[in-house]
Amino acid sequence: MSKIRSKLTPYWFLLPPFILYLIWVVGPAFYSFYLSFTDWNGISPRLNFVGFLNYSKLFHDRIFYISLINNFKWLLIFTTVPVAIGLGLALLLDKPIKGMRILKTTFFLPMAISLVAINVMWSWMYNPAFGLLNTTLKTIGLESFTQGWLADPKLVLYCILAAASWNHAAYVLVLFIAGLSNIPPDLIEAAKVEGASPWNIIRYITIPLLRPATVIVIVTTVVTSLRVFDIVNTMTGGGPFNSSNVLANFMFKESFYNYKMGYGSSIAVILFLMSITFVFLYLRQIMKKEIEY
């Protein structure tokens with residue numbers, strides 16, 4: 001009996017956080033799924049079951065398709081640009097030279113700044129009258145390229161992506177540096193003795209051994225790109241003309257500005273299913289490669 005109790009002891013410690021997780025995460029998720037089949041406005045105590053009406057409206061909503069396309073653009077660019085920058089910086093900073101800690105701290109600083117501060121800072125940089133970007137272009141004689149960066153529907157999404165990538169690259173850098181620290185130095189030295197070039201060492205030793213860190217980076221980056229909200233809402237609110245709108249921002253506006261909680265919940269369900277699908281497919285592919293190796 002005592003042996004059984006000793007085996008169950010760790011689970012008793014896990015029970016309180018598990019209950020809290022059910023209450024604050026799983027419960028609201030299922031409730032949102034239920035609300036997506038109602039016409040609740042978020043205020044009235046009454047709600048009517050409308051079946052798939054919200055989803056039917058959603059797939060005939062022009063703004064939904066604009067937001068969906070923008071989310072796919074985020075997914076494509078966000079999983080390439082900041083990841084590539086973070087990996088490149090990690091490889092460059094993985095050197096035992098003087099002052100390297102200061103450089104690592106400097107490149108990590110964007111992660112230490114709050115997202116609200118980053119949004120405000122980059123909004124000022126993009127200011128058409130006295131922003132750093134337009135001022136620099138005027139100074140170097142490229143005044144013809146100055147414009148209202150956040151007011152151009154064709155450029156606004158990429159301007160916001162630049163700010164988000166600057167912040168996320170620091171996060172990627174930290175994860176890859178941690179991954180590089182787990183690679184045995186003897187393995188690298190042996191490859192150098194055998195005459196392997198720096199590129200071959202990176203390609204055939206470093207990158208494969210960074211697989212655990214890469215999985216974490218890609219999964220977190222995919223989820224972040226699909227649920228992006230704060231930087232879009234703060235910098236443009238989804239404008240101009242919904243050109244920078246994303247699904248999370250669209251959901252927020254429909255739920256809390258237009259008082260369509262049921263409709264907003266249907267957007268949340270679509271966003272949740274997209275996130276789960278992308279993460280599942282990626283992890284499944286990774287598991288296949290692990291089995292092959």
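The values are calculated or read from the model by the stated rules, or taken from the named source; none is laboratory data. All values derive from a computational prediction rather than experimental measurement. Reconstructed Cβ throughout: ideal geometry from the backbone, glycine too, with neighbour counts over all protein chains shown.
Data table
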{"item": "Region 130-162, subset β-branched (Val, Ile, Thr) and under 26 Å from the mean Cα position of the chain (by Cα), residue nearest to Phe241 (Cα to Cα)", "result": "Val156"}
{"item": "Test set (1) of a type in the set (Ser, Thr, Tyr); (2) surrounded by 12 or more Cβ atoms within 10 Å (Cβ to Cβ); (3) part of a helix (DSSP H, G or I) - Tyr259 fails condition number", "result": "(3)"}
{"item": "Pair list, Cβ under 9 Å, 6 or more apart: region 33-56 residue under 16 Å from Val269 (Cβ atoms) and assigned to a helix (DSSP H, G or I), other residue of a type in the set (A, V, I, L, M, F, W, C) and at pLDDT below 90", "result": "Leu35/Leu47"}
{"item": "Residue in region 280-287 that is under 30 Å from Lys95 (Cα atoms) and touching a helix residue (DSSP H, G or I) at 6+ places or on another chain (Cβ under 7 Å) present", "result": "yes"}
{"item": "Among residues of region 178-197, those that are of a type in the set (A, V, I, L, M), without any contact (Cβ under 8 Å) to a residue 24 or more places away in the chain and either assigned to a helix (DSSP H, G or I) or loosely packed, with under 13 Cβ neighbours inside 10 Å (or both), counted", "result": "5"}
{"item": "Residue satisfying all of: in region 30-68; of a type in the set (A, V, I, L, M) and surrounded by 13 or more Cβ atoms within 10 Å (Cβ to Cβ); farthest from Leu226 (Cα to Cα) among these", "result": "Leu47"}
{"item": "Criterion: aliphatic (A, V, I, L, M), in contact (Cβ under 8 Å) with a residue 24 or more places away in the chain and more than 26 Å from Ile218 (Cα to Cα) - qualifying residue of Ala129, Ala90, Ala151, Ala163", "result": "Ala151"}
{"item": "Close pairs from region 243-259: first among the basic types (Lys, Arg), partner assigned to a loop (DSSP other than H, G, I, E, B), Cβ under 9 Å, at least 6 apart", "result": "Lys253/Gly237; Lys253/Gly238; Lys253/Asn245"}
{"item": "Test for Leu20: is it in a helix (DSSP H, G or I), among the aliphatic types (A, V, I, L, M) and surrounded by 12 or more Cβ atoms within 10 Å (Cβ to Cβ)", "result": "no"}
{"item": "Failed condition for Leu175, given (1) buried (at least 16 other Cβ atoms within 10 Å of the Cβ); (2) of a type outside the set (Val, Ile, Thr); (3) in a loop (DSSP other than H, G, I, E, B)", "result": "(3)"}
{"item": "Odd one out for Pro212, checked against (1) closer than 16 Å to Phe176 by Cα; (2) surrounded by fewer than 19 Cβ atoms within 10 Å (Cβ to Cβ); (3) touching a Leu at 6+ places or on another chain (Cβ under 6 Å)", "result": "(3)"}
{"item": "Index of the failed condition, Ala129 passing every other in (1) assigned to a loop (DSSP other than H, G, I, E, B); (2) surrounded by 14 or more Cβ atoms within 10 Å (Cβ to Cβ); (3) hydrophobic (A, V, I, L, M, F, W, C)", "result": "(2)"}
{"item": "Whichever residue in region 74-105 is surrounded by 12 or more Cβ atoms within 10 Å (Cβ to Cβ) and assigned to a loop (DSSP other than H, G, I, E, B) and, among such residues, is nearest to the chain's Cα centre (by Cα)", "result": "Thr79"}
